[in-house]
Amino acid sequence: MIILKIGGSVITNKSQENTFKKQTMDRLSKEIKRSGKKIILVHGAGSFGHITAKKYGLQNGFQEAEQIRGFSLTHKAVQKLNSYVIESLYNQDIPAISLPPHSMLRLNNHMLKTFEFEIFNMYLKRGFFPVTFGDVVLDDTLGISICSGDLLVLSLVKYFKPEKAIFVTDEDGLYTKNPKINSDAELINSITENELENLTTDADSHDDVTEGMKGKIDTIKNISKCGIDTILLNGNKQGRLYNVLVGEDDTYTIVHGGRA
Ligand code: ADP
């Protein structure tokens with residue numbers, strides 16, 4: 001089984017609220033279908049969640065009544081993006097089922113407290129294609145918080161120990177520096193968990209409430225510590241997701257899992 005994360009940077013336009021890149025998602029759905037792989041899909045919120053979540057300061061926990069409105073609005077937006085993703089998968093005859101985090105997990109001070117993992121397993125066993133996504137959630141200490149798609153990937157990896165984790169973004173993989181702001185950034189083809197320790201990167205202008213690539217690097221370090229390989233690839237390039245899903249060569253970054 002594979003844990004696949006499709007980032008908000010690929011299926012939304014991050015700088016413009018609520019813009020879904022349908023053509024890209026439809027192509028990725030076709031590549032998923034063609035691969036025939038058993039997958040749990042996680043998708044990011046992109047411009048459907050981050051802009052409202054930031055406006056209402058949801059990442060900092062409950063501070064004022066107006067945030068309740070912001071929480072609800074953010075959820076409405078990410079649920080809408082999720083419905084577009086589900087529809088795209090469904091149109092390829094993939095039996096997608098939506099598992100919204102707000103109703104099946106709780107955080108405690110941004111860290112995972114409870115998660116009904118077994119529901120994923122039960123749907124998988126019955127031949128469904130479980131789909132979850134970055135969402136607003138309850139937090140035992142902060143009242144309310146955000147659960148990023150990347151935290152979901154890490155949590156699912158720890159529980160399911162998949163054959164690999166894949167992050168689909170709008171870049172060819174992991175670079176030595178942020179490629180959007182450094183023209184001398186070089187693509188890393190292959191890296192170990194130890195080497196990853198020395199890599200830091202600069203934030204983007206459309207900075208996510210969940211820290212963008214900086215946070216992703218930390219997540220990937222933790223995935224590596226479970227002994228699982230992580231692959232980062234460009235979802236805007238045709239065929240790359242399919243090739244990685246079926247184990248064929250292409251352009252991507254592989255982060256080799258350390259000893260579990
Ligand atoms: P997503 O929302 O799709 O999960 P993020 O926006 O969190 O993705 O991360 C992808 C973005 O990270 C890329 O669009 C790129 O601009 C930025 N980035 C920053 N540093 C790096 C790096 N070292 N390598 C690759 N991308 C990077």
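Quick check, is Glu171 within 11 Å of the ligand (Cβ to nearest atom) and under 24 Å from Gln23 (Cα atoms)?
Criteria met by Glu171.
Select, from Met122, Met213, the only residue that is out of contact with any Gly (no Cβ under 8 Å at 6 or more places or on another chain), more than 13 Å from the ligand (Cβ to nearest atom) and either outside any loop (DSSP other than H, G, I, E, B) or outside the structural domain of Ala45 (by TED's automatic domain parsing) (or both).
After applying the criteria, what remains is Met122.
Sort out for me the helices (runs of 4 or more DSSP H) sitting completely within region 1-71 that have 2 or more residues that are more than 14 Å from the ligand (Cβ to nearest atom).
Ranges flagged: 22-35, 50-55.
Could you look through region 183-204, keep only residues that are under 30 Å from Asn60 (Cβ atoms) and near the ligand (Cβ under 9 Å from one of its atoms), and pick out the one that is modelled with the highest pLDDT?
Leu199
With respect to the numbered conditions (1) surrounded by fewer than 20 Cβ atoms within 10 Å (Cβ to Cβ); (2) modelled with pLDDT of 95 or more; (3) in contact with a helix residue (DSSP H, G or I) (Cβ under 7 Å, 6 or more places away or on another chain), which one is the sole condition not fulfilled by Ile68?
(3)
Here is a check on your reading of the model: is Pro162 part of a loop (DSSP other than H, G, I, E, B), on the phi < 0 side of the Ramachandran plot and open to solvent by less than 20 Å² (accessible area, probe 1.4 Å)?
yes
Show the residue pairs that are 6+ apart or on different chains and have beta-carbon atoms under 7 Å apart, the first residue being within region 1-20 and free of Cβ contacts under 8 Å to residues at least 24 places away in the same chain, the second being more than 14 Å from the ligand (Cβ to nearest atom) and among the β-branched types (Val, Ile, Thr).
Cβ pairs passing all conditions: none.
The values are calculated or read from the model by the stated rules, or taken from the named source; none is laboratory data. Here the structure is a predicted model, which is why all the values come from computation and not from measurement. Methodologically, a virtual Cβ is constructed for each residue, glycine included, from the backbone with ideal geometry; neighbour enumeration extends over all protein chains shown. These area figures cover heavy atoms from the full protein model, side chains too; ligands, DNA and RNA do not enter into them. Shrake-Rupley method; radii C 1.70, N 1.55, O 1.52, S 1.80 Å.
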